[in-house]
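Worksheet: one structure, shown below.
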Amino acid sequence: MSDGTDGRQYIVNLTGATNAQNVTVTLNRATGVAGNISASVSATMGVLLGDTTGNRAVNASDIAQTQSQSGHPVTSATFART
């Protein structure tokens, strides 16, 4: 569904994604900025529990990032969407 503020951005509610997998979402008949219609457009997202840095590995950098935010309130500046 469209996010309501920009018709070119969509929100996809995802459930049941398991660890260490790629998830692909495909939009059919997507309309671009210039008004061109594509038969389909796909985007792939990797799911890896604990990968807070988004570097496709769970290691010391994730621990350091998580510890640096421990005890701080969640804000739009500190919430990470990866």
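The values are calculated or read from the model by the stated rules, or taken from the named source; none is laboratory data. What you are looking at is a predicted structure, and each value in this text was computed from that prediction instead of being measured. Here the Cβ positions follow ideal geometry from the backbone for every residue, glycine too, while neighbour counts run over all protein chains shown.
Here are a few things to note about the model shown:
- Every residue from segment 22-34 that is surrounded by 10 or more Cβ atoms within 10 Å (Cβ to Cβ) and modelled with pLDDT under 90: Leu27, Ala30, Thr31, Gly32
- Among (1) in contact with a Gly (Cβ under 7 Å, 6 or more places away or on another chain); (2) touching a residue at least 12 places away in the same chain (Cβ under 8 Å), the one test that Asn28 misses: (1)
- Residue match in segment 60-75 (condition: of a type outside the set (Lys, Arg), in contact with a Ser or Thr (Cβ under 8 Å, 6 or more places away or on another chain) and touching a residue at least 24 places away in the same chain (Cβ under 8 Å)): no
- In segment 7-21, the residues that are of a type in the set (Val, Ile, Thr) and surrounded by 10 or more Cβ atoms within 10 Å (Cβ to Cβ): Val12
- Per-region count, segment 1-45, residues over 16 Å from the mean Cα position of the chain (by Cα) and either part of a loop (DSSP other than H, G, I, E, B) or among the small types (Gly, Ala, Ser) (or both): 13
- Subset tally (residues that are surrounded by 13 or more Cβ atoms within 10 Å (Cβ to Cβ) and either in a helix (DSSP H, G or I) or over 13 Å from the mean Cα position of the chain (by Cα) (or both)) for segment 46-62: 3
- Boolean, Gly71 is surrounded by 11 or more Cβ atoms within 10 Å (Cβ to Cβ) and assigned to a loop (DSSP other than H, G, I, E, B): no
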